[in-house]
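To keep things clear, I will list the structure first and then write my remarks on it.
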Amino acid sequence: MPVPSPSSPSPVVAPPSGPILEVTDLRTHFFTDDGVLPAVDGVTFTIPRGKTLALVGESGCGKSVTSYSILRLIQRPGRLVGGRILLHSQRSGTIDIAALGEDDDLLYHVRGGLVSMIFQEPMTALSPVHTVGDQICEAILLHQDVTPAEARRRAVEMLRKVGVSAPDRRIDQYPHELSGGMRQRIVIAMALVCDPELLIADEPTTALDVTLQAQILSLIKGLQSEMGCSVLLITHDLGVVAQAADEVAVMYLGRIVETGSVRALLKSPRHPYTRGLLKSLPSLNQGRRLCSIAGSVPSLSAIPVGCPFHPRCDHAVAGRCDVGAPPPLRSVGAGHQVACVRAEELPPMAFHAPADGSRTPTSPPRSAVDDGGVSP
């Protein structure tokens, strides 16, 4: 039975322009036997309508926890403990997702209807005991008032739109009968079949080889343009960011340390962490020596005092970077913010991605790559 669009509480109708999502001071903590772990600790960002914001950082920095928090999918011992998540829907008005109760009908309307998610590993996102058609149709029937026959027709059409070959046959297959690239297309079809206004893509290409990565990114970008949705792209790869995003938020140990347009961050990265990520990226360092960031992301139970990145930072100054509270974000240019006390003192450093996208492998015809659809 479809979930109706609730009339209470009455939302304020959002204007057609402006951001699709505003996240303010978001805090998600995990309450464990070792203490409270601040996985997301005061995160603020905005996603422009119709654009892509990339949330970037190493594993353990809080990117996926942030995305799960937006859809209120955090499981115990985690809990959203503060902040606002304002979704400015053109269909349902402005909704503060953070203020909704766990059993609120409006929350179910948001999940899958207004905001959808592409999960990192398709085999964990798909049920192995149901056909892909049953799973896509379930999403349609939950959020739209249509007959099962109409749901199946829409599912086939969406499979065709995401590039699944022979969709009339694939719809009755099980996930294990399909290759990795085909399964990822199925997950994308499930996420987009209800025409969401915001799509969250959590590392959508990590499990794929480089050729399929290029295809999937191109597919998401094309569907975004066609359907007019906004995208929150979770990734650890700044090469993906340069190809697919409009805005970037760099995250480290539960905090945003730098944010701005892709152009601004590639032209003039100001935070040592952002600079370190760029220096370790082969596709943006042609002819240069690759470097790695020293050490690893600290445990959330032992976050360093002062700037949390200072133990790994080549530019840290004792008595300045390792004392007090973490530095707040401050403006260093139009729409460009950084949380570093030495941002203006660091020497210039710029990377320029090829304008023709040549750093990404050329995608062969779809039929040559994944048309068989069956894993060897």
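Per residue, the chain exposes 45 Å² of solvent-accessible protein surface, assessed with a 1.4 angstrom probe and all protein chains in place.
Where the centre of each part is set by its Cα atoms, how far does the stretch 32-69 sit from the stretch 228-287, in angstrom? Going from one Cα centre to the other spans 14 Å. Rg/Rh for the stretch 149-282 stands at 1.04; both radii use Cα atoms, and Rh follows the Kirkwood definition.
The sum of -39500 (n - 2.57) across all DSSP H runs of n ≥ 4, divided by the residue count of the chain, sets its helix-only mean residue ellipticity at 222 nm to -7500 deg cm²/dmol. Full extension of the chain between Val317 and Asp209 yields a length gain of 34.8 nm, computed as 0.36 nm times the residue separation minus the alpha carbon distance. Each of Ile303, Thr28, Ala149 was scored by the projection of its Cα onto the charge dipole of the chain, and the greatest displacement toward the positive side belongs to Ile303; charges sit on the C-beta of Lys, Arg, Asp and Glu. Each Lys and Arg contributes +1 and each Asp and Glu -1, all at the Cβ; summed about the Cα centre of the stretch 86-172, the dipole is approximately 580 debye. Which of rounded, prolate or oblate describes the stretch 94-216 when judged by the alpha-carbon gyration tensor and an a/c cut-off of 1.5? In terms of gyration-tensor shape, oblate. In whole percents, the pair-distance distribution calculated for the stretch 35-160 from its alpha-carbon pairs, binned every 10 Å from zero, is 10, 35, 36, 17, 2, 0. Roughly how tilted is helix 180-192, in degrees to the nearest 10 and between 0 and 90, from the longest Cα axis of the chain? Helix 180-192 and the main axis of the chain meet at about 80 degrees.
Working from Cα positions, state the angle (0 to 90°, nearest 10) between the long axis of helix 210-227 and the longest principal axis of the chain. Between helix and principal axis, roughly 70 degrees. What a 1.4 Å probe finds exposed on the stretch 200-261 is 46% carbon and sulfur by accessible area, rounded to a whole percent. Only alpha carbons enter this Debye calculation for the stretch 38-88, each as an equal point scatterer, and the log10 of I(q)/I(0) it gives at q = 0.26 Å⁻¹ is -1.25.
Here the chain is treated as a Stokes sphere of Kirkwood radius computed over C-alpha pairs; at 25 °C and 0.890 mPa s its diffusion coefficient rounds to 112 µm²/s.
Taken about its Cα centre, the chain carries a charge dipole of roughly 1020 debye when the Cβ of each Lys and Arg holds +1 and the Cβ of each Asp and Glu holds -1. Along the chain, the exposed loop sites are GluC sites (Glu not before Pro) outside DSSP states H, G, I, E and B with at most 15 other Cβ atoms within 10 Å, and the longest stretch free of them is 103-343.
The values are calculated or read from the model by the stated rules, or taken from the named source; none is laboratory data. Only a predicted model underlies this, so the values are computations on that prediction, with no experimental measurement involved. In this analysis, Cβ positions are derived from the backbone assuming ideal geometry, glycine residues included, and neighbour counts consider all displayed protein chains. Just the protein is used for accessible areas: all its heavy atoms, side chains included, with ligands, DNA and RNA removed. Shrake-Rupley method; radii C 1.70, N 1.55, O 1.52, S 1.80 Å.
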